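The values are calculated or read from the model by the stated rules, or taken from the named source; none is laboratory data. For clarity, every value in this text was computed on a predicted model and none was experimentally measured. Counting neighbours? That spans all protein chains shown, and the Cβs are built from the backbone with ideal geometry, glycine included. Heads up: the accessible areas ignore ligands, DNA and RNA and are worked out on the full protein's heavy atoms, side chains in. Shrake-Rupley method; radii C 1.70, N 1.55, O 1.52, S 1.80 Å.
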Amino acid sequence: MQITKQRYYTPEEYLELEEAADYKSEYIDGQIIPMAGGTINHNRIAGNFYAVLNFAFRQEEYEVFNSDMRLWIHQKRIYTYPDVTVIASEPEFFNNRTDIITNPQVIVEVLSKSTKNYDREDKFQAYRTISTFQEYLLIDQTRIHVDQFSKTGKKQWTLREYDEEDEAIALVTVPFEISLQDLYNKVKFEPVESEGESADVEQLG
């Protein structure tokens, strides 16, 4: 992730620039950082998760948002766009702006080559400063693999991994389950070369 300019922007300046921008950027404590465009696999996975989750909660007291919704992390002074966000009950908006939320319970990120380390480390650390945040899913787009972190106590989190197509992910903090088959529906993995031979593209769904 590359910083566009070595200068300080106020949150208000960022929001004004973001309104007029042709692409999304994150704001990290004074710096504006362009977000990389999503691959087709990234969009398929995020779309699959959002669609199934949104349908499942159509009559429940949860609300689901995709990456169009901006999140404000007050303690770290960060504006970002999670791939999928789940909110319990009603969303809390920052400064009465209906495009900025502050109370996520579950956050889902689809990993990319350029951001996977950031999502696992610094971003996760920032998310953990949000009092309502209880669960974090990191989904690999290059293979079947999901890391699920759930909060068990103050400064305590547990990790569960999923890496088999016949498994299902059960969220801990909200009543929801999705099979990896549905999560990776229509996802085409890149060929894997082994001993000088190229494997065929693997497709699920």
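Among GLU26, GLU63, GLU13, which is the only one that is in a helix (DSSP H, G or I) and under 23 Å from THR98 (Cβ atoms)? The conditions single out GLU13. Restricting the search to helices (runs of 4 or more DSSP H) fully inside region 103-200 and requiring at least 2 residues that are in contact with a helix residue (DSSP H, G or I) (Cβ under 9 Å, 6 or more places away or on another chain) and under 28 Å from PHE55 (Cβ atoms) gives 180-183. Checked against (1) out of contact with any helix residue (DSSP H, G or I) (no Cβ under 8 Å at 6 or more places or on another chain); (2) modelled with pLDDT of 95 or more; (3) open to solvent by 30 Å² or more (accessible area, probe 1.4 Å); (4) within 18 Å of GLU26 (Cβ to Cβ), TYR81 passes all but condition (3).
Condition check ((1) within 14 Å of the chain's Cα centre (by Cα); (2) in contact (Cβ under 8 Å) with a residue 24 or more places away in the chain; (3) more than 20 Å from TYR136 (Cβ to Cβ)) across all residues:
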{"site": "PRO34", "(1), (2), (3)": "no, yes, yes"}
{"site": "ASN43", "(1), (2), (3)": "yes, no, yes"}
{"site": "ALA46", "(1), (2), (3)": "yes, yes, no"}
{"site": "PHE55", "(1), (2), (3)": "no, no, yes"}
{"site": "ASN66", "(1), (2), (3)": "yes, no, no"}
{"site": "ASP83", "(1), (2), (3)": "yes, yes, no"}
{"site": "ASN103", "(1), (2), (3)": "no, yes, no"}
{"site": "VAL106", "(1), (2), (3)": "yes, yes, no"}
{"site": "GLU109", "(1), (2), (3)": "yes, yes, no"}
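Among the criteria (1) more than 14 Å from the chain's Cα centre (by Cα); (2) assigned to a helix (DSSP H, G or I); (3) in contact (Cβ under 8 Å) with a residue 12 or more places away in the chain, the one TYR8 does not fulfil is (2). When the criteria are applied in full, GLU90 fails the requirement of being over 28 Å from LEU15 (Cβ atoms), surrounded by fewer than 19 Cβ atoms within 10 Å (Cβ to Cβ) and at pLDDT below 95. Has region 95-102 got at least one residue that is in contact with an Asp or Glu (Cβ under 7 Å, 6 or more places away or on another chain), open to solvent by 10 Å² or more (accessible area, probe 1.4 Å) and at pLDDT 95 or above? Yes.
Number of residues in region 36-57 that are aromatic (Phe, Trp, Tyr), over 12 Å from TYR184 (Cβ atoms) and crowded, with 18+ Cβ neighbours inside 10 Å equals 1.
Per the conditions (1) open to solvent by 60 Å² or more (accessible area, probe 1.4 Å); (2) of a type in the set (D, E, K, R); (3) farther than 24 Å from TRP72 by Cα; (4) touching a Ser or Thr at 6+ places or on another chain (Cβ under 8 Å), the sole criterion not satisfied by GLU167 is (1).
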